[in-house]
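Heads up: the structure comes next, in structure tokens.
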Amino acid sequence: RSADSGPGVAPDTAVSSIDGSAELAIVLLSSGQQWPLDGPCLVGRAPTAPVGESSYRVARLNSPSRTVSRSHLLVTPHPTGARLRDLGSRNGTAIYVPGRPPEHLAPGEEQVVELSRGVLAVLSADATVWIAPAPRERHSR
């Protein structure tokens, strides 16, 4: 595991979207779910996509203590990384970027983060979202 590629991501594994194109970022939940960041993703205890929005990925995180809101965080691709928006959660979202002090998104706030080394969003003590640059594919000569 490479420190820069985040938890559970093999550093030499390329990640592709459904259409086979190389992705710029991947999302890894504390539950073990992983996918390319190729569109909007709702994360929460029981999130639901907006009516008529089939492009939203819905990611459920187990929260026995109910400290994760039903729809807690929206993660979307951004030209410089990823946009994180707290969806009015009760407890907010802590954002950790390597080399910077932690930041807190208050309910309803959003932030664009650059992903050169990844970012960790903490929704509760046992529910996290890691967003990292997609590992580069090795080319043989």
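The values are calculated or read from the model by the stated rules, or taken from the named source; none is laboratory data. Here the structure is a predicted model, which is why all the values come from computation and not from measurement. Here the Cβ positions follow ideal geometry from the backbone for every residue, glycine too, while neighbour counts run over all protein chains shown. These accessible areas exclude ligands, DNA and RNA; they are computed on the full protein's heavy atoms, side chains included. Shrake-Rupley method; radii C 1.70, N 1.55, O 1.52, S 1.80 Å.
Data for the structure
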read-out: Charge context of S124, other residues only, Cβ under 12 angstrom, K/R +1, D/E -1; value: +2
read-out: Rounded to whole Å, sorted largest first: equivalent-ellipsoid semi-axes of segment 44-139, Cα gyration tensor; value: 22, 17, 13
read-out: Rounded accessible area of T76 (nearest 10 Å², 1.4 Å probe); value: 30
read-out: Per-selection Kirkwood Rh - segment 73-124 (Cα, Å, 1 d.p.); value: 11.0
read-out: E53-Q33 FRET efficiency (beta carbon distance; Förster radius 22 Å; 0.05 resolution); value: 0.65
read-out: Inter-label distance for R100 and S65, nm, one decimal - labels placed 7 Å from Cα along Cα-to-Cβ; value: 2.6
read-out: Segment 45-141: relative contact order as a whole-number percent, Cα under 8 Å and 6+ apart; value: 21
read-out: Stretch gain in nm, segment T76-V112, where the contour uses 0.36 nm per residue and the Cα spacing is subtracted; value: 12.0 nm
